[in-house]
Amino acid sequence: MARISKRTLDIPPFIVMDILEKAQQMEKAGRDIVHLEIGEPDFTTPQCICDAAVKAIARGETHYTHSLGLPALREAICRHHQQTYGVAVVPEQILVSSGTSPALFMIFAALLEPGDEIILSDPHYPCYPNFARFVGAEPVFVRCFEEDGFQLRPDDIRKAITSRTRAVVINSPANPTGNLLAPERMEEIAALGLPVVSDEIYHGLVYGPPARSILEFTRNAFVLNGFSKRYAMTGWRLGYIIAPPEFIRPLQKIQQNLFISAGSISQWAGLAALEEAEADVRKMVEIYDKRRRYMIERIQKMGFQLPVEPAGAFYLLVNARHLGEKSYDLAFEILEKAGVGVTPGIDFGAHVEGYLRFSYANHLDRIEEGLDRLERFVGAR
Ligand code: PMP
């Protein structure tokens, strides 16, 4: 009998997928479910991006690319960073990956030895600790507070540093909170001197001042970004890493062995995204913002507290402890009784047990229906 490795047995599932799969099972049985659990744009990819992919296929761009990514795409990423943040990066600092998820995995693999520590916020994106443990490292959690908009406190990071700490991860705008990290805090975090891994995947999806890149504050940083959210390209699997130059060759070796290169057609599509899709992004952001404001108002009227208004990504994380202590059970109860999918806080960290994440990556009329149902559920309690 083949044996399953411990590291495989130990990796936890994505709890949100449990909710989604249960919801799909209920839908198959004829129930109408409103999906407020999904962390994926409901929009289809803008036409100009799809057209570029079709053209790439017609030209026969169906081969492996350079393991670091198409030169034209890497140059476009450099221009994007210059224009957006006034930050100079060169193609030799960039590796194009099959999404931000493999980028995260490669960074953690390149940075962490077994027994090393990496500092994460609580709450955090669920994959961070899972990837860290997968490479044998220890996630160290720094608690963030609701009244602070769940932003990391630089002083608390400092207190968590030990001789084994290798890096700190930041994510702004953040999943699951939708909040941004203030530039002053980014500056203070950069000044700690630790390498900063900055997951910037929600950049561009902001409803107030733009998000700042960690590269504006330090070069001792790894930027992770991807096309999934901003350009509604989740299925294309495209992302990238900007790393200090000495890390590119090691990362390239991981890429060559594990992935060879990112998908060629997706990379041509990504080039069009950067060069042609700005107007489409602006339209999507306007629509997200309408939904965001609507959802915040309704959620607050229902009695949920939201001390800091989330101004990025497409999520709200709200305290639902008055409805139940166990967010996993509560999310399933809401699904079964109200027909609304929401994500339990426990997926994102021990300190947000009792919270629920609502996503507004869904049509406004569906959000309205979902919140009507939730209101009736809350009222009946
Ligand atoms: N980082 C964060 C914070 C995310 O929310 C996600 C997607 N849910 C990812 C990374 C991964 O994105 P992808 O692999 O599609 O680029």
Report yes if some residue within region 87-107 is polar (S, T, N, Q), more than 16 Å from the ligand (Cβ to nearest atom) and at pLDDT 95 or above; otherwise report no.
yes
What residue, among those in region 75-86 that are touching a residue at least 24 places away in the same chain (Cβ under 8 Å) and away from the ligand (no atom under 15 Å from the Cβ), is nearest to Q255 (Cα to Cα)?
A76
Positions within region 215-243 being in a helix (DSSP H, G or I), out of contact with any Gly (no Cβ under 9 Å at 6 or more places or on another chain) and within 16 Å of the ligand (Cβ to nearest atom), in sequence order
G235
Could you pull out every one of the helices (runs of 4 or more DSSP H) wholly within region 92-206 that has 2 or more residues that are over 30 Å from L70 (Cα atoms)?
127-134, 154-160, 183-191
Turns out the helices (runs of 4 or more DSSP H) fully within region 244-315 with at least 3 residues that are within 20 Å of the chain's Cα centre (by Cα) and closer than 24 Å to R230 by Cβ are 264-276, 278-301
Across (1) open to solvent by 30 Å² or more (accessible area, probe 1.4 Å); (2) within 14 Å of the ligand (Cβ to nearest atom), I201 clears everything bar (1)
Only one residue in E369, E375 is under 18 Å from Q300 (Cα atoms), open to solvent by 30 Å² or more (accessible area, probe 1.4 Å) and either touching a strand residue (DSSP E or B) at 6+ places or on another chain (Cβ under 9 Å) or not in a helix (DSSP H, G or I) (or both), so which one is that?
E369
Do we have Y288 as assigned by TED's automatic domain parsing to the domain that holds A361, at pLDDT 95 or above and within 16 Å of the ligand (Cβ to nearest atom) here?
yes
Being open to solvent by 10 Å² or more (accessible area, probe 1.4 Å), touching a Pro at 6+ places or on another chain (Cβ under 6 Å) and farther than 29 Å from G60 by Cβ is the requirement here; does R212 meet it?
yes
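The values are calculated or read from the model by the stated rules, or taken from the named source; none is laboratory data. If you're wondering where the values come from, they're calculated on a predicted model, not measured in any experiment. Note that each Cβ is placed from the backbone with ideal geometry, even for glycine, and that neighbours are counted across all protein chains shown. Areas reflect the complete protein model, heavy atoms only, side chains present, ligands, DNA and RNA absent. Shrake-Rupley method; radii C 1.70, N 1.55, O 1.52, S 1.80 Å.
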